[in-house]
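S.K.: Sharing a structure here in C-alpha cells format.
The values are calculated or read from the model by the stated rules, or taken from the named source; none is laboratory data. Model, not experiment: these values are computed from the prediction. Using ideal geometry, Cβ is built from the backbone for each residue, glycine included, and neighbour counts are taken over all protein chains shown.
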Amino acid sequence: MKKLVLSLCLVASLLACKKDKTPGIQPIDVDVKLSYEIATYKLPIEKIIVKITNTHTNASQELATDTAGKVAFKSIPSGLYDIDAVVTISAIEYTRITGIPTENPVTFNASEKGKQIDATLNGVLDLRLIVGKSGDWLIKQIYYAGSDNTNGAVFRDQFLEFSNNTNQVLYADSLYFAQIYGRVSSVSANMNYTSTGQMDWSKSLNMDPGVNANSDYVYAKSLYMIPGTGKQYPVQPGASIIVAQTAINHKSPFTGNDGKVISVRNPELTIDLSTADFEAYYGDISGGKPFASDVDNPQVPNIEIIAPSGNDMILDANGRDGYVIFKVDRTQKVREWPQYPEPLKTAPSATAKKYFQIPIKHLIDGVEIQPNLPASRYPKKLNPGIDAGFTFVPAGNYSSQSVVRKTEKTVNGRRILKDTNNSSQDFDYLDRAQPRGFK
C-alpha cells in the first residue's frame with residue numbers, strides 16, 4: 001500500500017511539474033544540432049550520441065542524431081547542463097572521405113558546459129564538432145588533490161605523469177608543460193569576461209589586436225621544461241615519466257631546508273616519490289622563497305622553471321587548473337613569447353603578474369581539471385579541440401586521490417591509453433595516487 005501511495009505522489013509531482021507555467025521552472029524541449037567545424041568534407045553526421053547532463057543532479061539523457069545531425073530532448077527540467085557529443089571516424093573511413101592519409105582514428109568533440117536551460121531558451125542549440133589532436137605524448141596522471149592536511153603530506157607530495165603513447169622511443173628533452181590560468185573565483189567588476197564567463201584575454205593591456213586572443217591561445221599560470229641535450233632522456237613505448245614537486249619519500253621524515261624535521265602522522269596517506277624522473281626545485285630561483293619542504297634531491301634532475309608561480313610547483317588542490325604539454329622546433333623561442341597581464345578594466349599595476357601566451361597550435365595534449373562539486377565549477381579554460389570535457393577526483397582536495405587516463409587496449413604487453421580529447425571520457429581516478437599506476 002505504501003508503494004502505491006508513493007507512486008501516486010510521484011505521478012502527481014510530475015504532472016504538477018508539467019502543468020507549472022512559471023517562467024524558468026516548467027520543463028523545456030531542447031533541440032540540438034551538430035555540425036563539423038570543417039565543412040569541406042561530407043563527414044558522418046547521423047547516429048552520433050548527444051548526451052545532456054544536469055550538473056546538479058547528474059541525471060543524464062542520451063539520443064542519437066538523425067540524418068541532419070539533430071536531436072530533440074523533451075521536457076528537460078530547468079537548470080544548468082553539460083551537453084556533449086563525440087564521434088570517432090576510423091582511419092580508413094577518414095582517408096576515404098577526405099583523401100588525407102592517416103594511420104589513427106580521428107576524433108571530433110562538441111561540448112557546451114554549464115548551459116542554462118530555462119524558458120528563455122529560444123531556437124536550436126548549435127554545437128560544432130571540432131577535431132582533436134592525437135598526441136604522441138599524453139598527460140597520463142595528475143595528482144593535484146594532495147593528501148590529508150593533518151595526517152598526510154598536504155600538497156608537497158603532488159606530481160604529474162607524462163606517457164609515451166606510441167610504439168617508438170620518444171625523448172622527454174625539451175618537453176614543456178604548463179598550468180593554465182583563467183577564472184577561478186566569482187565574477188569581478190574589474191575583469192573583462194567573454195560570453196562564456198571566462199577571462200577575455202583580447203582586452204589585456206597591449207594585446208595584439210590582430211590575433212584571436214581567446215580561441216588561438218591559452219595563458220600559463222606556470223611554465224616548465226624538461227631539460228636535456230636532445231636525446232638525453234629516452235622514454236620507451238608505453239612508459240612514462242614522473243615530475244614530482246619534491247622527489248623524496250614522503251612517507252618518511254626528512255629535514256626541510258630550514259633545518260627542521262618534516263613528517264606525516266599516517267604514511268599510508270602519502271607516497272614515495274624518491275624514484276621520480278624529475279623534480280621542481282625553487283631554491284635556485286633568483287629572489288625566490290621556497291617552502292621549507294622544497295628540498296633538492298641530487299639524484300633527480302631538476303626541471304627548468306620558466307615562469308614560476310608561488311613558492312613551489314603547487315598544483316591547485318581544489319581542482320581549478322588546466323594542464324597542457326607541448327614541444328616546438330628551434331625556430332620558436334619560448335622564453336621570448338609574449339606575456340600579458342589579466343584583462344582588467346582598469347590599468348594593471350607596474351608589478352602585475354604577466355602570463356605567457358601559448359599558441360594552441362603547438363599543444364600536444366591538454367587536460368581540464370574542475371572541482372568535484374558542480375556548484376564550485378568555473379567556465380572552461382580549454383576549448384573542445386584540446387579537451388572537450390573535464391575530470392576530477394570525487395573525494396576532492398587532500399583526499400590522496402589522483403586522476404588517471406584509462407587504458408584503451410593492450411598490444412603485445414604495451415598499454416595504449418585512451419585519447420579522445422575529452423577527459424570526461426578518457427580519465428578515471430585512483431583512490432590512492434600511484435606513480436606509474438594504471439586504470
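S.K.: Pull up the stretch 316-342, narrow it to residues that are touching a strand residue (DSSP E or B) at 6+ places or on another chain (Cβ under 7 Å) and hydrophobic (A, V, I, L, M, F, W, C), then point me to the one that is nearest to V184 (Cα to Cα).
M.R.: Ranking the qualifying residues of the stretch 316-342, first place goes to V324.
S.K.: (1) crowded, with 19+ Cβ neighbours inside 10 Å; (2) among the small types (G, A, S); (3) assigned to a loop (DSSP other than H, G, I, E, B): which one isn't true of G123, the others all being true?
M.R.: (1)
S.K.: A further question follows. Anything in the stretch 268-310 that is buried (at least 16 other Cβ atoms within 10 Å of the Cβ), aliphatic (A, V, I, L, M) and part of a loop (DSSP other than H, G, I, E, B)? List them, or say none.
M.R.: I271, L273, A276, A280, V295, V300, I303
S.K.: Output the number of residues of the stretch 130-156 satisfying the condition of being over 19 Å from F438 (Cα atoms) and modelled with pLDDT of 90 or more.
M.R.: Restricting attention to the stretch 130-156, the residues satisfying the condition of being over 19 Å from F438 (Cα atoms) are 130-134, 147-156.
Okay, now just the ones that are also modelled with pLDDT of 90 or more, so 147-156.
Number satisfying all stated conditions: 10.
S.K.: State all residues of the stretch 412-432 that are part of a loop (DSSP other than H, G, I, E, B) and surrounded by fewer than 17 Cβ atoms within 10 Å (Cβ to Cβ); if no residue qualifies, say none.
M.R.: N412, G413, D431, R432
S.K.: Being within 23 Å of V86 (Cα to Cα) and free of Cβ contacts under 8 Å to residues at least 24 places away in the same chain narrows it down to one of K361, K409, so name that one.
M.R.: Going through K361, K409 in turn, just one is within 23 Å of V86 (Cα to Cα) and free of Cβ contacts under 8 Å to residues at least 24 places away in the same chain: K409.
S.K.: Picking from N109, N151, which residue would you name as being assigned to a strand (DSSP E or B) and in contact (Cβ under 8 Å) with a residue 60 or more places away in the chain?
M.R.: The conditions single out N109.
S.K.: Picking from P371, P379, P435, P394, which residue would you name as being part of a loop (DSSP other than H, G, I, E, B) and under 22 Å from N212 (Cβ atoms)?
M.R.: Result: P379 is the single residue among P371, P379, P435, P394 that is part of a loop (DSSP other than H, G, I, E, B) and under 22 Å from N212 (Cβ atoms).
S.K.: Keeping to the stretch 207-234, report how many residues are part of a strand (DSSP E or B) and over 26 Å from E368 (Cβ atoms). Let's see the steps before the verdict.
M.R.: Of the residues in the stretch 207-234, the ones part of a strand (DSSP E or B) are 217-225, 234.
Now restrict to residues that are over 26 Å from E368 (Cβ atoms): 234.
The number of residues fulfilling the criteria is 1.
S.K.: In addition: Mind telling me which of the residues A39, A68, A64 ends up being among the aliphatic types (A, V, I, L, M), modelled with pLDDT under 90, surrounded by fewer than 13 Cβ atoms within 10 Å (Cβ to Cβ) and out of contact with any Asp or Glu (no Cβ under 6 Å at 6 or more places or on another chain)?
M.R.: When all the criteria are applied, what remains is A39.
S.K.: Related question: With respect to K409, is the statement that it is in contact with a strand residue (DSSP E or B) (Cβ under 6 Å, 6 or more places away or on another chain), outside any helix (DSSP H, G or I) and surrounded by fewer than 17 Cβ atoms within 10 Å (Cβ to Cβ) true? So that I can check it myself, show each step before the final result.
M.R.: On the way: in contact with a strand residue (DSSP E or B) (Cβ under 6 Å, 6 or more places away or on another chain): yes; outside any helix (DSSP H, G or I): yes; surrounded by fewer than 17 Cβ atoms within 10 Å (Cβ to Cβ): yes.
So K409 fits the description; yes.
S.K.: Test each condition in (1) out of contact with any Lys or Arg (no Cβ under 8 Å at 6 or more places or on another chain); (2) in contact (Cβ under 8 Å) with a residue 12 or more places away in the chain for N167 and report the one that comes out false.
M.R.: (1)
S.K.: Given the structure, is P101 buried (at least 16 other Cβ atoms within 10 Å of the Cβ) and more than 27 Å from the chain's Cα centre (by Cα)?
M.R.: No: the conditions fail for P101.
S.K.: A further question follows. Kindly provide the set of residues from the stretch 154-173 that are touching a His at 6+ places or on another chain (Cβ under 6 Å) and assigned to a strand (DSSP E or B), ordered by number.
M.R.: none
S.K.: So if I check each of I314, I325, which one is under 30 Å from G210 (Cα atoms), within 25 Å of the chain's Cα centre (by Cα) and of a type in the set (V, I, T)?
M.R.: Details: I314 fails: under 30 Å from G210 (Cα atoms).
Of I314, I325, the one residue that is under 30 Å from G210 (Cα atoms), within 25 Å of the chain's Cα centre (by Cα) and of a type in the set (V, I, T) is I325.
S.K.: Here is a further query. Scanning for something farther than 29 Å from T420 by Cα and not charged (D, E, K, R), does the stretch 154-168 turn up at least one residue?
M.R.: Within the stretch 154-168, one or more residues are farther than 29 Å from T420 by Cα and not charged (D, E, K, R).
S.K.: Among the residues of the stretch 185-227, what is the count of those that are at positive phi and modelled with pLDDT under 95?
M.R.: Residues flagged as at positive phi and modelled with pLDDT under 95 within the stretch 185-227 amount to 1.
S.K.: Let me ask another. Somewhere in the stretch 174-191, is a residue under 18 Å from H362 (Cα atoms), touching a Ser or Thr at 6+ places or on another chain (Cβ under 7 Å) and assigned to a strand (DSSP E or B)?
M.R.: yes
S.K.: For the stretch 235-246, name all the residues that are in a loop (DSSP other than H, G, I, E, B) and under 24 Å from R415 (Cβ atoms).
M.R.: Q236, P237, G238, A239, listed by residue number.
S.K.: Still on this structure: Return yes or no: is K361 in a loop (DSSP other than H, G, I, E, B) and basic (K, R)?
M.R.: no
S.K.: Tell me which residues, restricted to the stretch 71-102, are without any contact (Cβ under 8 Å) to a residue 24 or more places away in the chain, hydroxyl-bearing (S, T, Y) and part of a loop (DSSP other than H, G, I, E, B).
M.R.: Correct list: S90, T102.
S.K.: Quick check on this structure: which one of L63, L43, L34 is within 20 Å of E93 (Cα to Cα) and either among the charged types (D, E, K, R) or assigned to a strand (DSSP E or B) (or both)?
M.R.: Answer to the selection: L34.
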